[in-house]
């Protein structure tokens, strides 16, 4: 039974396709079927036969009508298309286990290597499973024109947005951009085609602002900078319409983060405005996040006193005991993340004696499953070691960063590591540096 390979088995290359990965993580089987036919030539009739789904249903799903939510159907599709369980948030399928047993372990694979891979795999499975739950929500984004929607819809959309945000923990913007911008466009269509109360409208604008920020971040992460700026500006407009000061402030913080490398003064002005827009009554996590980004703007501009003051404001906000609900989009900000931002700032300010200890401590507690972010943060640690004259240590850390970002659909880790690698090249006669330079080759 397990030796049988169905005619609908997807080629490995297609499973590695960014759009396919995003569709699988979101359980968007309509897109999966469409790509199977357009990219691999697998007909809908074959898919229907192997998945035990009516052909007309396959066609409807491929046109974006309906969704697959039951466990039984998801597992049937996984087996028919030979989709590894991990890509769908499932345990490894029986045919995967059998195939793995039939292959010898690589000669150079250590127990530590295998354990590390397993930890990363489990972390990704858990995250993608959570994201997949979002498809169980009602089909909210395709109402009949003129339909009146109730006050519960914005909350359901916000829940969906929060679940899909988890994709950013393990995937780069190249993998998530289409998913996030699709959600944003769908909500815009919903608002255009539906009727709702004024209060519901404000809530919908708030969700739209949140989705625009999410899509903008993915665009920024994959190098679409003009698109990111447009989405951040649209987010600010929507948040202002919603009278959501926290989200409006965060939109400005995103714009500052993007601007600061080009126009430092404009970056600082925008970051300062973001804190003022959110105001002192914003939830502590929001204020901490915005002051962190203000600290970053100051650090890039070389202003040490102002940087430290902003970091202190972020720490004070996090230290507050407050029962105010924290928005999901700011929930990732904690004391460890603040330590990382502090280390990044002191690296930019060329203060390695302050940067290295906090980065070492914070990164030791940072989960390896967040490969893109860990790679980025390690780049600042490598930078600080090099500034301190610790060439070998810098090269080792840069090598780890390169390992983490391999295969991640984000342009930022490589861009951030490029100047560090360029500085290391002066020491290419050192063996560990030579190894890192070899890893860094395109």
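Every read-out reported here was derived from the displayed coordinates using simple, explicitly stated rules and does not represent laboratory data. Here the structure is a predicted model, which means the values were calculated and not measured. Note that we place each Cβ from the backbone using ideal geometry, even for glycine, and neighbour counts take in every protein chain shown.
Brief remarks on what is shown
- Based on Cα contacts under 8 Å between residues 6+ apart, the stretch 137-243 shows a relative contact order of 32 percent.
- Computed over the chain, relative contact order equals 10 percent, with contacts defined as Cα pairs under 8 Å that lie 6+ residues apart.
- Residue-span extension gain [residue 94 to residue 321] - 0.36 nm each, minus C-alpha spacing: 76.9 nm
- The stretch 338-423: relative contact order in percent, alpha carbon pairs under 8 Å with at least 6 residues between: 27
- Take the Cα of residue 69, step 7 Å toward its Cβ, do the same at residue 159, and the gap between the two points is 1.0 nm.
- Extension gain for residue 12 to residue 202 (0.36 nm times residue separation, less C-alpha to C-alpha distance): 63.9 nm.
- Taking the chain as a Gaussian network of alpha-carbon nodes connected by springs under 10 Å, the highest mean-square fluctuation of the residues 298, 184, 196 belongs to 196.
- Considering only 152, 237, 183, the mean-square fluctuation computed in a Gaussian network model of the chain, springs between alpha carbons under 10 angstrom, is largest for 152.
- Anisotropy class of the stretch 176-248 from Cα gyration tensor, a/c 1.5 cut: oblate
- Between residue 328 and residue 392, the distance separating the two model label sites (each 7 Å from Cα on the Cα→Cβ line) works out to 4.8 nm.
- Residue order for 205, 254, fewest other beta carbons within 10 angstrom first, comes to 205, 254.
- The length gained by stretching the chain between residue 350 and residue 241 to full extension, at 0.36 nm per residue less their Cα-Cα distance, is 35.1 nm.
- Built from the Cα atoms of the stretch 360-440, the convex hull projects on average onto 4.8 nm², one quarter of its surface area.
- Residues residue 422 and residue 37, FRET efficiency given R0 of 56 Å [Cβ-Cβ distance, rounded to 0.05]: 0.80
- Note on the chain: with a GNM built from Cα contacts shorter than 10 Å, the maximum mean-square fluctuation among 321, 179, 32 falls on 321.
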